[in-house]
Each structure stands twice: as structure tokens, then as C-alpha cells.
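Just below is one structure, and these are the notes that go with it.
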Amino acid sequence: MISTDLFAFVYLVAGVLFIFGLKGLSHPESARRGNTMAMVGMALAVGITLMAPSVKSYGLILIAMGLGAVIGIIIAQKIDMKAMPQLVAAFHSLVGLAAVLVAIGTYLTHKEAGALDAVLMTELALGSFIGAVTFTGSIVAFGKLQEIFGSAPVTFKGQHMLNLAFGIAIVALGVVFVMTDNFEAFLLLTILSLIVGVTLIIPIGGADMPVVVSMLNSYSGWAAAATGFTLNNILLIITGALVGSSGAILSYIMCKAMNRSFISVILGGFGAEAGSEEDTAMADARKKGVKEAAVEDAAFMMANASKVIIIPGYGMAVAQAQHAVKEMTEVMQAKGVEVKFAIHPVAGRMPGHMNVLLAEADVPYDIVFEMDEINNEFTTADVALIIGANDVVNPDAKTLKSSPLYGMPIIEAYKARLVFICKRSMKPGYAGVENSLFFADNASLVFGDAKATCEKLAAALHDA
């Protein structure tokens, strides 16, 4: 038997480690340290919990932990960095499913023991609701990110009213369940919540997916906190609250970076349809066509530049080009070129996607800047090199009111003296709208796979 004081003390230490871990994740340079601290905290939490008097048998627990460890190791070894957003979404779905199963299991065991009360049943209803929405919502997000489903928003007439009706029905069923101990009402509440998870996410288009991933992260945290209340586990409540609140704050920051309200992201549908209304300037730009540059031409201009700013995007992740970009950067720096990176808050498909990729390639943190820190430097840049980014550099967001991107802050690459854009094709970005930057007088496209193009650029820079 372990003392209650020791149990509480270890939980306190684990909670503090989680807080410091979260703090460490606020910057790429300290992220590994933060991750390690959080892992130590989790090891302490799991270890002390297994020593609790309420744990009567270890057989099934060890089997589950062993299976989870094997699956986790296999996934960690095989997952591509470009697939990280959908992996995160998949993990969120498991947290939601766990919350639903814990709620059902707790009801059945407490019902048999005659230990149900209104407070516990309220916790069960909330836990099942949040968990179910997180589960199916995360599955839809995974499907959109994995391109199993289309990235375009799925909308239909009366969609918001349907969601409102579902919400009212869920509240009513929750009241019935708590007041009458009606298990059928609880199951129906859970089923409707599973449906709401789908209907909430399907109208959200590709351009808003980073916010969705962040939002679902918050949901998974609140699901964990609800489970903590159900199981009377203080540390699970603390952990869930940390994840839930940090995810909510991050979602707000992401929405602010896109100049969109959180409500408009959740209730609206954004992204998607090519062929949006255009103004005369856009039509004139298309008639001009685009300029195509050879790799050697781009390398010559970059080698003779004073300052080059690189803007990475999802295309870099897809091509796994970060190591080639690092090599290219080192060659330019050896020639005396000042090289900086500009990162948009929603570049890629999850928060911090580009930072993770550049950190993996050991690109120095001190040359990587957020959008607000570097936008004013493009007017002094000789070359802006865009690698697989699209919507986050689209000038229409500042000038074309009919564009769905209008109002979203962008990286102002168009202000550089020369702009080179590495793209495989003229296909629109994830938001499904055409980029007027491709037709600008100072812009040229370098067609090809991002990794192959950057490797060729590195080689050409050596000889330039």
C-alpha cells in the first residue's frame, strides 16, 4: 500500500512536468526538452497509477500497454513527416473513442454497484458527448487530410439548423438520462453526438484544416478532462485541461492569423472551389501567361543576391525536400548570401508543420522567422524563393474582395525584387483558388518536384 500523500505528491510532480513540457513546446529550440519532460511526467503518472489500491490485476493492463507500445513504435518508424497532420487527427479520434468507452463502462459498473448519482451521470453525458464529437470529427479530418475524402467543404441547405436541432436533442436526452437513469437516452445521445462530429467537420474546407486539427486537439483535451472527472483522477483532469485550453488558445491564434473568426471556421465552409469570381485585373493577368525559369537561371540570381528569403509550404512536405533546402541554404551562405526563412502560421496542414520539417533538417532556428517578424524585409530582398506554398503567398488575399482568401494575412513575397516559385504544376492550392502571384511581372515558375528542384538548385549554386 502506498500512502495517499505520496500518491498526491507524484501526481503533483507529473502535473508540473506537463506544464513545463507545454512551455517547452512553445519554441522549436526547446521543443525536444519539453517533449522529454512531458514523457517523464507521463511515465511517473502511469507508474504511480498502476500502484493504486484500486488496481486489482495487471494482466489485461500489461497486454494493452504492450500492444499500444508495439503499434506506436511501428507507426513512429514508418510515418512520413508529411503525414504527421493526419496522424495527429487519428490520435485525437482515439482519445475521443476512449472517452466514450470509459463513460459507457463506468455507467454499467456503477449501475451494477448501485453507485450512480446525478453528478456522475452528468459527467458521463458530457464525457460521451465530447468524446463522440471528437471521435467522428477527427476521422473526417483524417480523411480530408489523407485525401480519402475531397478537401472541398460539403454544405447543404439547412445545415446549421440541422446542427442546432441535433444540439437541442442532445441536451434534452442528457436531461432525460440524468433525471430518469434511462440508458437508451444515453446511447441515443452518444449516437447523435457521433453524427454531429461528422456534420461539424464536413463543411470545413482545405484552407481551414490547420485550425480544425488544433480545434480537435482542444476537444480531445476536454474529453480527457471529462474522463478524469468520471474516474475521479485529478491528474487526468489537469492534463485534459492543459491540452484543452492550449488547443483552444492555438485555434484562436490560427484564426487570427487567417483573419477569420473561430465561429466562422466552425459554422462556415471555406476552401475549395476553383473558378471563383474574379476581377478584371485577374483576367488580364491570365492573358499575360506565366514566365517559366530554368533551374540555372534561378540559381544564378540567387547566387548573386544579397538577401534571399525562402518560403516553404506543404509542397516541401509532400516532396520531403527539407534536407535539399538545407543544402541549398548552406551553399548560398558560403557564397555570402543572407538567407532567411519566412513561416506562415497556417503553412502546411497543422500548426508548426514547416517548423518541424526545418528542425528535422537542422536548419538553424535563428534564420527561421514568423510571418509578422519578416514581412517588412521583402522590400529589401533580392529573391523570394517559394517552395510548394500557394495560398499563404496569394496577393488576392489583400486585393481581391471576391476571393475566399480575402482578409487573410499573407507572406508578402510579391514585394521582393524577384520571385521564384517551385511548383509541380499550375494546380491551385488547398483552398482551390488561383494564385495571381504566378502572373506577376517579377515572378517566374520553376516547374518540378520540390526535392528534385532544390537538389538541382544546390548543384547549380555550387557552380554559379
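The values are calculated or read from the model by the stated rules, or taken from the named source; none is laboratory data. The structure presented is a predicted model; accordingly, all values stated were derived computationally and were not measured. Ideal geometry is used to build each Cβ from the backbone, glycine not excepted, and the neighbour counts take in all protein chains shown. Accessible surface areas use protein heavy atoms only, side chains included; no ligands, DNA or RNA. Shrake-Rupley method; radii C 1.70, N 1.55, O 1.52, S 1.80 Å.
Of the whole protein surface, LEU67 contributes about 110 Å² of accessible area at a 1.4 Å probe radius.
What's the longest piece of the chain with no exposed GluC sites (Glu not before Pro), counting a site as exposed if DSSP puts it in a loop and it has at most 12 other beta carbons within 10 Å?
Numbers: sites that count: GLU147, GLU277.
Free of exposed loop sites, the longest segment is 278-464.
Sorting ASP80, ASP382 on solvent-accessible area from highest to lowest, probe radius 1.4 Å, gives ASP80, ASP382.
Taking trypsin sites (Lys or Arg not before Pro) that fall in a DSSP loop and have at most 12 other Cβ atoms within 10 Å as cut points, what is the longest piece of the chain between them?
Details: sites that count: LYS56, LYS157, LYS401.
My reading of the result: 158-400 is the longest stretch.
What the Cβ-Cβ distance of LYS111 and ILE191 gives, at R0 = 25 Å and to the nearest 0.05, is a FRET efficiency of 0.80. Relative contact order for the chain: 15 percent, from Cα pairs under 8 Å spaced at least 6 residues apart, divided by residue count.
Given the alternatives [x] 20.8; [y] 22.6; [z] 23.7, mean projected area of the Cα convex hull in nm² as computed for this entry is given by [z]. In the context of the full set of protein chains, the chain has a per residue accessible area of 47 Å² (1.4 Å probe). Shown here are the Rg and Dmax of the Cα trace of segment 107-151, at 16.4, 48 Å. Answer with one residue from THR109, SER54, ALA83: the one whose Cα lies farthest towards the positive end of the charge dipole of segment 46-150, charges on Cβ with Lys, Arg +1 and Asp, Glu -1. Towards the positive end, the residue furthest out is ALA83.
Each Lys and Arg adds +1 at its Cβ and each Asp and Glu adds -1 at its Cβ; summed about the Cα centre, the chain shows a dipole of about 300 debye. With each label modelled as a point 7 angstrom along the Cα→C-beta vector, the ARG32-THR379 pair spans 3.9 nm. Rounded to the nearest 500, the helix-only mean residue ellipticity at 222 nm of the chain stands at -20000 deg cm²/dmol, with each DSSP H run of n ≥ 4 adding -39,500 (n - 2.57).
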